[in-house]
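This report concerns only the one structure given below.
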Amino acid sequence: MLRVEKVSKHYANSVKGQITKAVDDVSLTLRQNEIFALIGESGSGKSTLAELIVGLQQPTSGSITWAEHLQVPITDRPASFIQLVFQNPDRSMNPYWRVKDIISEPLRLSKYPKKKAYSKAEELLEKVMLSADFMDRYPAECSGGQKQRIAVARALSMSPSLLVADEITSALDPTIENEMLQLLLSLKRSEGMSILYITHRLDTISGFADHVAVMKNGVIQEAGDTKTMLSDPKSDYTKALLRSLYYT
Ligand SMILES: Nc1ncnc2c1ncn2[C@@H]1O[C@H](COP(=O)(O)OP(=O)(O)OP(=O)(O)O)[C@@H](O)[C@H]1O
């Protein structure tokens, strides 16, 4: 569905003559209706790659296209095609707005009448397993996990084909994190969309992600189906990551 081909993003550093290769010659394919986990330690280039995919940044070289129209650059996609949810929901929520206005904002921007947008917001809350009581709350009256669900609900309002979830469970405790993963799995099934799930933790992806890519220093070290990679890792880096799980 989405093809990333030989994509690089290099930044010129303030130190003269040096460049940071945040993403370096990355190729991967995201299929329809799959969960693709992108794994890497801090600074490995995950968020930069996500921003390139979403179109928030332009690659230094390479191309990102969606497979139905392979020659169409990602920047020419319909606005609703990809939605991004960040690690910190507070970054994208106006603290003075009620939940119903936060969720329905994309619909209102698409000229939905207010009443219809609110009724859709209530449906979306139900999709992320929050009750209608949340409609009139402010973000400060919601927990971190609930705010992430609200951010997902807002993203769903545009019926995206691809949801990019950048470290959205990192700040949550294990039980709430597990509930969020279950929610994403059920949304994949019910909405038929694909999810690019970005994380620094390999231990969350078993039974959740269909495919996985492991990234280090801007380079994909290994990619493949999750079961095979977890049971038979090929790169030394993936092996080291897996070994480290047993010591945490
Ligand atoms: N605007 C920028 N200018 C210069 N260097 C940058 C810029 N953005 C990111 N980098 C560098 O690119 C590399 C990759 O950063 P990126 O944020 O993509 O990593 P990450 O894997 O998402 O890390 P984290 O999990 O900590 O968010 C890092 O070395 C970072 O310092």
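Coordinate-derived values only; no laboratory data. Here the structure is a predicted model, which means the values were calculated and not measured. Backbone-built Cβ (ideal geometry, glycine too); neighbour counts: all protein chains shown.
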**Prompt:** How large is ³J(HN,Hα) for each residue in segment 20-25, as worked out from phi by the Karplus curve 6.51 cos²θ - 1.76 cosθ + 1.60 (θ = phi - 60°), to whole Hz, x for Gly and Pro?
**Reply:** 9, 8, 5, 9, 10, 6
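Where the only charges are on Cβ atoms (+1 Lys, Arg; -1 Asp, Glu), what is the dipole of the chain about its Cα centre, to the nearest 20 debye? It would help to have the intermediate numbers written out before the result.
On the way: 30 positive and 29 negative charges, 115 e Å.
For the chain, the charge dipole is close to 560 debye.
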**Asked** Which aspartates and glutamates, on any chain, are close to K100 with Cα under 20 Å apart, when same-chain ones fewer than 8 places away are left out?
**Response** D90, E122, E123, E126, D133, D136, E141
**Prompt:** Which Cα, out of Y118, S143, M129, lies furthest along the positive dipole direction of segment 90-159 (beta carbon charges, K/R +1, D/E -1)?
**Reply:** Y118
**Message:** Would segment 197-248 count as rounded, prolate or oblate if I go by the C-alpha gyration tensor, calling it rounded below 1.5 in a/c and otherwise prolate when a/b exceeds b/c, oblate otherwise?
**Reply:** rounded
**Asked** Is the shape of segment 137-193 rounded, prolate or oblate, going by the alpha carbon gyration tensor and its root eigenvalues a ≥ b ≥ c, with a/c under 1.5 for rounded and a/b larger than b/c for prolate?
**Response** oblate
**Complete:** Expected sort for 186-195, 136-145 on mean C-beta neighbours within 10 Å, highest first, is 186-195, 136-145
**Request:** Provide Rg and Dmax in Å for the chain, with only Cα atoms included in the calculation.
**Result:** 18.5, 56
**Beta bridges per DSSP with both ends in the chain, % antiparallel, nearest 5** = 50
**Prompt:** Going toward the positive end of the dipole of the chain, with +1 on Lys and Arg Cβ and -1 on Asp and Glu Cβ, which of S161, G218, L28 do you reach last?
**Reply:** S161
**Request:** Work from the charge dipole of the chain (Cβ charges, +1 for Lys and Arg, -1 for Asp and Glu, about the Cα centre) and give the residue of W66, V152, Y96 farthest towards its positive end.
**Result:** Y96
**Asked** If amide H atoms are built 1.01 Å from N in the plane of the peptide, which residues on other chains or at least 5 residues away come under 5 Å of the amide H of E222?
**Response** V214
**Request:** Between the alpha-carbon centers of segment 179-243 and segment 153-176, tell me the distance in whole angstrom.
**Result:** 15
**Asked** How many times 2.2 N^0.38 Å is the alpha carbon radius of gyration of segment 90-159?
**Response** 0.96
**Item:** Listed peptides 197-206, 90-99 by packing density, highest first (mean Cβ within 10 Å)
**Value:** 197-206, 90-99
**Asked** Cross-link list K9/K46; K9/K188; K21/K46; K6/K216; K21/K188; K21/K216: which exceed 22 angstrom alpha carbon to alpha carbon?
**Response** K9/K188; K21/K188
